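To keep things clear, I will list the structure first and then write my remarks on it.
What follows draws every value from the coordinates through simple rules; no lab data is involved. Everything numeric here is computed off the predicted structure, so don't read it as measured data.
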Amino acid sequence: MDVEAELKPGPSGSYEVAVDGKVVIRKASLAFPTDQEVVDAVARVLDA
């Protein structure tokens, strides 16, 4: 995937991945999404 990524500070414990301002995956509980879950979520948006 040829993408640019930017890390932005957020509230303590938050984790969201957005593509063009739209959140595609976020931390749902105490567990963070896996690397593959993040890649899949971004790929779904880029392929749409």
Inset, instruction - Please list, in chain and number order, the residues 5+ apart from Ala18 or on another chain whose amide H is under 5 Å from its amide H, with Hs placed from the backbone. - result: Val24
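Can you tell me, using C-alpha contacts under 8 Å and at least 6 residues apart, the relative contact order of the chain as a whole percent?
Working: 29 pairs, mean separation 13.0, N = 48.
Relative contact order for the chain comes out at 27 percent.
Normalise the Cα radius of gyration of the chain by 2.2 N^0.38 Å (N = residues in it) and let me know the number. The partial results should precede the final answer.
Details: Rg = 10.9 Å, N = 48, 2.2 N^0.38 = 9.6 Å.
So the chain has a normalised radius of gyration of 1.14.
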Legend entry - Theoretical ellipticity at 222 nm over the chain - DSSP helices of four or more residues, -39500 (n - 2.57) apiece, nearest 500: -8500 deg cm²/dmol
Legend entry - Acute angle (nearest 10 degrees) that the helix 35-47 long axis makes with the longest principal axis of the chain, alpha-carbon atoms: 40 degrees
